[in-house]
Amino acid sequence: MCRNITTLRGLEPAATPQEIEAAALQYVRKVGGVQAPSPATAAAMQEAVRAIAAATTALLAELPARRSPPPTVPPLRRPAVRARLGLD
């Protein structure tokens with residue numbers, strides 16, 4: 001369903017809170033069918049992102065290490081994305 005969400009387990013260095021939150025936001029947008037929250041949906045979406053990010057953090061802490069790194073890197077680690085977002 002969410003083919004564009006990047007695998008976070010096995011990254012070196014480990015996934016950052018920002019990467020986890022970005023994946024959670026992408027998941028919530030996909031499942032909710034909402035790209036830009038309105039005043040009516042903002043609170044529910046923010047709470048869902050918080051809950052999913054917390055669950056993801058707990059999941060990554062509990063899973064064993066991967067034998068090989070994931071095949072792709074998260075968008076926040078890609079130079080073109082970082083430049084577009086003004087992070088560099």
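Each value in this text was obtained by applying a stated rule to the coordinates, not by laboratory testing. Please read all numbers here as calculations on a predicted model, not as lab measurements. We place every Cβ from the backbone using ideal geometry, glycine too, and count neighbours over all the protein chains shown.
Placing one identical point scatterer on every Cα of the chain and ignoring solvent, what is log10 I(q)/I(0) from the Debye formula at q = 0.13, 0.17 Å⁻¹?
The Debye formula, applied to the Cα set alone, gives -0.47, -0.78.
So what is the calculated 222 nm ellipticity per residue for the chain, using -39500 (n - 2.57) for each DSSP H run with n of 4 or more, over all residues, to the nearest 500 deg cm²/dmol?
-16500 deg cm²/dmol
Summing Lys, Arg as +1 and Asp, Glu as -1, what charge do residues with Cβ under 15 Å from the Cβ of Ala14 carry, Ala14 excluded?
Taking every Cβ under 15 Å from that of Ala14, the sum is -1.
Looking only at Val31, Val73, Val49, which one moves most when the chain is put into a Gaussian network model with springs between Cα atoms under 10 Å?
Comparing Val31, Val73, Val49 in a Gaussian network model of the chain, the most mobile one is Val31.
What does the charge dipole of region 17-85 about its Cα centre add up to, to the nearest 20 debye, if the Cβ of each Lys and Arg holds +1 and the Cβ of each Asp and Glu holds -1?
Result for region 17-85 is approximately 360 debye, rounded to the nearest 20.
Once phi is turned into ³J(HN,Hα) by the Karplus curve 6.51 cos²θ - 1.76 cosθ + 1.60 with θ = phi - 60°, what whole-Hz value does each residue of region 34-43 show in order, with x for glycine and proline?
Along region 34-43, the couplings run 10, 8, 10, x, 9, x, 6, 10, 4, 5 Hz.
Among Thr41, Ala53, Pro69, flag the residue with its Cα farthest along the positive direction of the charge dipole of region 17-85, charges on Cβ as +1 for Lys/Arg and -1 for Asp/Glu.
The residue sitting farthest along the positive end of the dipole is Pro69.
Within the set of other residues whose C-beta is less than 12 Å from the C-beta of Ala48, count the net charge using Lys and Arg as +1 and Asp and Glu as -1.
Local charge sum for Ala48: +1.
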